[in-house]
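Please read the structure below before turning to the comments.
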């Protein structure tokens with residue numbers, strides 16, 4: 001799941017490249033040192049595009065986590081986006097779905113330590129998260 005992409009956005013892409021792709025973010029948080037991994041993290045928000053990126057690193061920042069929500073039009077490399085049905089997700093990610101970590105409200109492809117989480121509402125994808133959601 002680490003190679004999954006959303007258009008030209010994927011984990012590990014540098015800040016300069018993201019600005020080329022999306023432009024300057026509408027807002028950024030101050031970089032903070034996380035005790036969990038000993039790295040600096042900064043959130044970039046593209047609210048009008050429905051994209052939130054967590055960057056990791058000090059002098060060189062790379063995308064560490066991606067969150068997509070309305071009105072984002074980006075889709076995964078397997079053509080799943082906001083509004084896709086549960087059935088579409090199951091067809092596209094069947095072998096990778098982690099049944100133990102999934103529920104009626106979320107489908108986990110890969111693991112919570114480095115996969116994709118499709119948050120579900122009314123049997124449709126409401127948001128998509130890529131990265132590690134647990135330590």
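Considering the range 110-129, the residues that are in contact with a strand residue (DSSP E or B) (Cβ under 8 Å, 6 or more places away or on another chain) and modelled with pLDDT under 95 include one that is farthest from residue 36 (Cα to Cα), namely 110.
Tallying residues that are more than 18 Å from the chain's Cα centre (by Cα) and in a loop (DSSP other than H, G, I, E, B) within the range 86-100 yields 2.
Within the option set 44, 34, being in contact with a strand residue (DSSP E or B) (Cβ under 6 Å, 6 or more places away or on another chain), at pLDDT below 95 and within 16 Å of residue 131 (Cα to Cα) holds for one residue only, 34.
Within the range 78-121, the set of residues being touching a helix residue (DSSP H, G or I) at 6+ places or on another chain (Cβ under 9 Å) and on the phi > 0 side of the Ramachandran plot comprises 79, 110. Just one of the listed residues (61, 52) is touching a helix residue (DSSP H, G or I) at 6+ places or on another chain (Cβ under 6 Å) and closer than 23 Å to residue 15 by Cβ, and it is 61. Of 86, 82, 18, all but one fail to be within 23 Å of residue 120 (Cβ to Cβ), at pLDDT 95 or above and surrounded by 17 or more Cβ atoms within 10 Å (Cβ to Cβ); the exception is 82. Only residues that are surrounded by 18 or more Cβ atoms within 10 Å (Cβ to Cβ) and part of a strand (DSSP E or B) were counted in the range 107-127, giving 10.
The values are calculated or read from the model by the stated rules, or taken from the named source; none is laboratory data. All of these numbers come straight from a predicted model, not from anything done at the bench. With ideal geometry, Cβ positions are generated from the backbone for all residues, glycine too; neighbour counts draw on all protein chains shown.
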